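What follows is calculated from the coordinates using simple rules that are stated; it is not laboratory data. From a predicted model like this one, the values you see are computed outputs, not experimental measurements. Every residue, glycine among them, receives a Cβ derived from its backbone with ideal geometry; neighbour counts consider all protein chains shown.
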2 protein chains.
Amino acid sequence: MSKSIYEPLTESGAVALAVRLGLFPEGTPLTCREIGDGNLNLVFHVVDQRTGSGVIIKQALPYAKVVGESWPLTLKRAVIESNALRTFASYVPQYVPTVYYSDESLAITVMEDLSHLQIARKGLIEGKTFPLLSEHIGEFIAKTLFYTSDFGMNQQQKKQLAQQFINPELCKITEDLVFTDPFFDHETNNFEPELRHDVEALWKDEALHLETAKLKRKFLTEADALIHGDLHTGSIFASDTETKVIDPEFAFYGPFGFDIGQFFANLLLNALSRKEHEQAPILHHIEKTWDVFSTVFANLWNEHNVEPYAKTNGWLQDLLHDIFVDAVGFAGCEVIRRTIGLAHVADLDGISDKQTRLEAKRRALQLGRTLILQRDSLRNTKDIFTTFAQTSAEGYLA
Amino acid sequence: MSKSIYEPLTESGAVALAVRLGLFPEGTPLTCREIGDGNLNLVFHVVDQRTGSGVIIKQALPYAKVVGESWPLTLKRAVIESNALRTFASYVPQYVPTVYYSDESLAITVMEDLSHLQIARKGLIEGKTFPLLSEHIGEFIAKTLFYTSDFGMNQQQKKQLAQQFINPELCKITEDLVFTDPFFDHETNNFEPELRHDVEALWKDEALHLETAKLKRKFLTEADALIHGDLHTGSIFASDTETKVIDPEFAFYGPFGFDIGQFFANLLLNALSRKEHEQAPILHHIEKTWDVFSTVFANLWNEHNVEPYAKTNGWLQDLLHDIFVDAVGFAGCEVIRRTIGLAHVADLDGISDKQTRLEAKRRALQLGRTLILQRDSLRNTKDIFTTFAQTSAEGYLA
């Protein structure tokens with residue numbers, strides 16, 4: 001990592017870079033605004049004043065700030081992000097921003113401006129439904145997983161691609177914050193004092209520990225395909241007609257079920273934040289995501305499989321079942337960590353009435369536990385909805 | 001790969017290298033003999049005429065010759081081999097030859113002379129039993145697997161080590177010759193015409209295909225630990241007191257059960273070549289290998305585990321069970337491919353009486369099938385022996 005060359009961009013530097021790259025004709029009147037949250041990355045929005053068209057210049061910062069803490073974080077994540085976006089674009093260009101340029105030593109990615117879209121989490125919290133969200137994400141996941149796996153790619157090239165996406169620092173964040181810390185009395189955890197009774201029960205839950213340990217081991221060892229690694233609703237830009245997946249800095253070769261599980265979980269968290277009669281469109285997204293994913297994956301399997309065993313009777317069904325079971329388990333981990341771990345979601349934290357919020361969080365803990373423990377016996381998304389409907393305000397200990 | 005620098009060593013070049021490295025005092029009277037089989041590697045044995053002490057200089061050739069065919073084969077396997085020997089030596093120096101020197105561009109590894117030992121397969125065929133073989137191999141496997149896994153090594157360093165051992169070309173040989181070709185009508189297969197009826201039944205066996213496909217997927221995707229990758233009895237030097245594992249050019253991050261399975265399989269193949277009353281010591285080796293492996297692995301797990309979930313009730317037992325089941329399945333694949341695939345074993349091919357040989361091979365095919373299909377229901381090595389005892393001369397179709 002060329003730390004000697006690295007320095008943070010300024011707004012004028014961002015404009016100069018956009019011009020140097022020929023992204024705007026010379027003499028274009030440009031404005032530039034830094035729109036990042038300043039915790040992990042600088043994000044410059046460079047806009048042509050006459051046409052309104054723009055580009056995004058994203059630069060990784062060499063540290064992460066979370067709840068006031070600051071720790072060093074590899075700049076290599078910018079390379080992972082731009083390489084992942086380019087790899088995904090070769091299969092599903094319609095669902096990722098176009099990358100115009102990247103610079104490894106400056107940790108910069110220059111890409112398509114998506115400011116006409118809204119972050120899906122924000123829209124869902126506002127009550128929007130983004131009718132095509134699940135169809136698009138289901139296709140995105142199916143194609144990126146299939147084509148980067150041993151079924152859709154030359155199996156030796158796959159190993160070399162996996163080598164390029166070895167991503168220890170970012171994986172560690174997930175290993176700790178998703179799979180470990182929330183299940184132990186760890187200082188990174190963050191929850192309302194009223195939840196302590198539930199949380200302590202969870203920390204002592206040996207059956208839950210055993211199953212979570214197995215899911216963590218899958219994350220640590222199973223190199224099925226190039227996964228996004230952080231596919232929550234905050235990593236998705238959407239409108240009624242368009243969907244774009246962003247921020248794949250956590251990308252690495254991981255288990256098939258992980259992205260699906262995180263997406264399911266964040267939809268479930270949103271559903272938990274809604275009144276019962278407003279939940280249907282969100283639950284429908286879960287059903288549709290799986291239906292589209294499994295249909296597209298099956299079609300690719302049947303038509304473009306490079307594995308000589310592909311046509312073996314029963315294998316595709318067994319594999320899809322295993323992916324579903326893993327996805328349900330990963331969803332359970334994500335639901336729990338977003339409720340009591342370091343990084344929460346606005347869907348739950350934003351519930352202004354305290355009793356309603358605590359009730360939703362207790363239901364989240366119970367839901368997460370059941371998804372992890374019962375994942376082997378859930379056969380389809382309807383079984384997830386049954387589990388969801390059965391969670392009660394008594395929470396974890398019910 | 002510096003192909004421009006590479007050239008094959010001569011005997012005088014090997015002597016000059018040994019002297020240049022200071023492995024012998026200046027003026028030592030040295031003899032040198034090329035003792036490799038010439039198919040994959042040059043192997044020079046350089047010996048001090050006065051003391052009899054020697055060194056081995058092994059050089060990879062840029063091609064492989066098997067049954068008259070020649071195809072290019074990466075020289076990088078020499079780097080994999082020397083790095084794997086050094087990594088293993090940091091955990092079990094007593095079970096691998098010491099590496100004195102390696103040169104990547106010349107594909108050379110200079111290492112300890114083991115000519116006082118015998119290749120285990122050869123000795124076992126001669127009727128030797130090598131009483132400590134299983135104790136040593138059980139410990140070798142337990143320590144190399146544990147210490148290179150997410151349980152015995154910093155989980156971020158493990159990913160970087162896995163990155164160094166990405167080994168596409170050599171993995172492909174196993175993917176094809178162990179897991180695929182023998183199960184289809186492929187030109188690499190090699191078997192007596194009398195076996196065709198059994199072999200054709202195997203090629204049509206959909207249940208077997210399904211389970212073999214799942215085992216192959218494990219080999220393709222599960223990065224548990226740095227495995228040897230080719231741990232048959234021809235990769236082991238032994239005597240009554242000493243055991244040394246050699247030739248880890250197939251090493252990569254693979255599933256826990258693979259090395260155990262290949263070792264089991266090659267012992268079973270030897271047992272099949274023996275008269276019934278001479279099988280006991282070989283079957284005992286299988287039992288002992290598993291007992292030592294599981295005991296040593298469990299001790300390391302309890303005392304040196306870096307994974308926060310290590311103490312979770314039931315996890316170690318579940319994991320050992322999964323490793324056993326996988327090992328049994330991998331053993332089944334190895335038994336089948338050594339009987340009808342490209343690379344046979346002298347244990348079976350060396351049976352001079354034709355009917356006895358065909359009978360042993362029919363039993364091998366039946367045994368391999370049962371190990372693959374029934375692996376989930378075999379609980380321990382005694383169940384393997386029961387399966388072994390139940391195989392019959394009617395073979396695959398019995």
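Maximal additional length on extending the B:Thr356-B:Gln49 stretch stands at 106.0 nm, based on 0.36 nm per residue less the C-alpha distance. For A:Tyr101, the amide hydrogen comes within under 5 Å of the amide hydrogens of A:Val110, counting only partners 5 or more places away or on other chains and with H modelled in the peptide plane. Rounded to the nearest Hz, the phi-derived 3J(HN,Hα) couplings of region A:326-332 under the Karplus curve 6.51 cos²θ - 1.76 cosθ + 1.60 (θ = phi - 60°) are 4, 4, 4, x, 4, 4, x, where x marks glycine and proline. Counting Cβ atoms of other protein chains within 10 Å of each residue's Cβ and taking the mean over peptide B:159-172 gives 4.
For chain A, adding -39500 (n - 2.57) for each run of n ≥ 4 DSSP H residues and dividing by the number of residues yields -15500 deg cm²/dmol at 222 nm. The same position A:Ser70 in the other copies lies at 6.3 nm from this copy, comparing label points 7 Å beyond Cα toward the beta-carbon, shortest first. The mean count of C-beta atoms from other chains within 10 Å of the C-beta of residues in A:217-224, rounded to a whole number, is 6.
Cross-link list A:Lys382/B:Lys204; A:Lys159/B:Lys288; A:Lys58/A:Lys354; A:Lys122/A:Lys275; A:Lys143/A:Lys214; A:Lys311/B:Lys65: which exceed 28 angstrom alpha carbon to alpha carbon? Too far apart for the 28 Å limit: A:Lys382/B:Lys204; A:Lys159/B:Lys288; A:Lys58/A:Lys354; A:Lys311/B:Lys65.
Percent of Cα pairs in region B:240-398 per distance bin of 5 Å, from zero to the largest separation: 1, 8, 16, 21, 18, 14, 10, 5, 3, 1, 0, 0. Computed 3J(HN,Hα) for region B:339-356, one whole-Hz value per residue from the Karplus formula 6.51 cos²θ - 1.76 cosθ + 1.60 where θ = phi - 60°, is 9, 10, x, 5, 9, 8, 10, 5, 3, 8, 4, x, 5, 6, 6, 4, 5, 4, glycine and proline marked x. Between the Cα long axis of helix B:206-221 and the first principal axis of chain B there is an angle of about 30°, rounded to the nearest 10. Here the Karplus relation 6.51 cos²θ - 1.76 cosθ + 1.60, evaluated at θ = phi - 60°, turns the backbone of region B:307-321 into coupling constants of 8, x, 7, 3, 7, 4, 3, x, 5, 4, 4, 4, 5, 4, 4 Hz, with x for every Gly and Pro.
Inter-chain neighbour count for B:179-192: the average number of beta-carbon atoms from partner chains within 10 Å of each residue's beta-carbon is 1. Kirkwood hydrodynamic radius computed over region B:60-163 comes to 16.2 Å, based on all pairs of distinct alpha carbons. Each 20 Å bin from zero up to the one holding the largest Cα-Cα distance in chain A carries the following percent of pairs: 27, 58, 15, 0. Sorted shortest first, the distances from the B:Asp291 label point to those of the same residue in the other copies are 5.8 nm; each point sits 7 Å from Cα along Cα-to-Cβ.
Taking a sphere under 10 Å around the Cβ of A:Val292 and counting the other residues whose Cβ falls inside, with K and R at +1 and D and E at -1, yields a net charge of -3. Restricting region A:110-200 to chymotrypsin sites (Phe, Trp or Tyr not before Pro) that sit in a DSSP loop and have at most 15 other Cβ atoms within 10 Å of their own Cβ leaves A:Phe184. A point 7 Å from Cα along Cα→Cβ stands in for B:Glu187, and the other copies hold the same point at 6.5 nm, listed in rising order. For the residues B:Ser90, B:Ser352, B:Ser235, a GNM of chain B with alpha-carbon springs under 10 Å puts the largest fluctuation on B:Ser352. Think of region B:118-390 as having a plus end and a minus end, set by charges on the Cβ of Lys, Arg, Asp and Glu; of B:Ala280, B:Gln160, B:Thr212, B:Ala280 sits farthest toward the positive end of this dipole.
Note on the protein assembly as shown: semi-axes of the ellipsoid equivalent to its C-alpha gyration tensor, largest first and rounded to whole Å, are 51, 32, 25.
Stokes-Einstein diffusion coefficient for region A:11-112 at 4 °C in a medium of 1.567 mPa s, Rh from the Kirkwood formula over Cα pairs: what value in µm²/s? Once the numbers are plugged in, D ends up at 90 µm²/s. Pick out, from B:Thr241, B:Thr31, A:Gln317, the residue whose Cα sits farthest towards the positive end of the charge dipole of the protein assembly as shown, with +1 on the Cβ of Lys and Arg and -1 on the Cβ of Asp and Glu. About the Cα centre, the residue reaching furthest to the positive side is B:Thr31. Which of these, B:Gly314, B:Gly27, B:Gly254, has the largest mean-square fluctuation under a Gaussian network model of chain B (Cα springs below 10 Å)? Largest GNM mean-square fluctuation: B:Gly27.
Dipole size of chain B about its Cα centre, with +1 on Lys/Arg Cβ and -1 on Asp/Glu Cβ: approximately 180 debye, rounded to the nearest 20.
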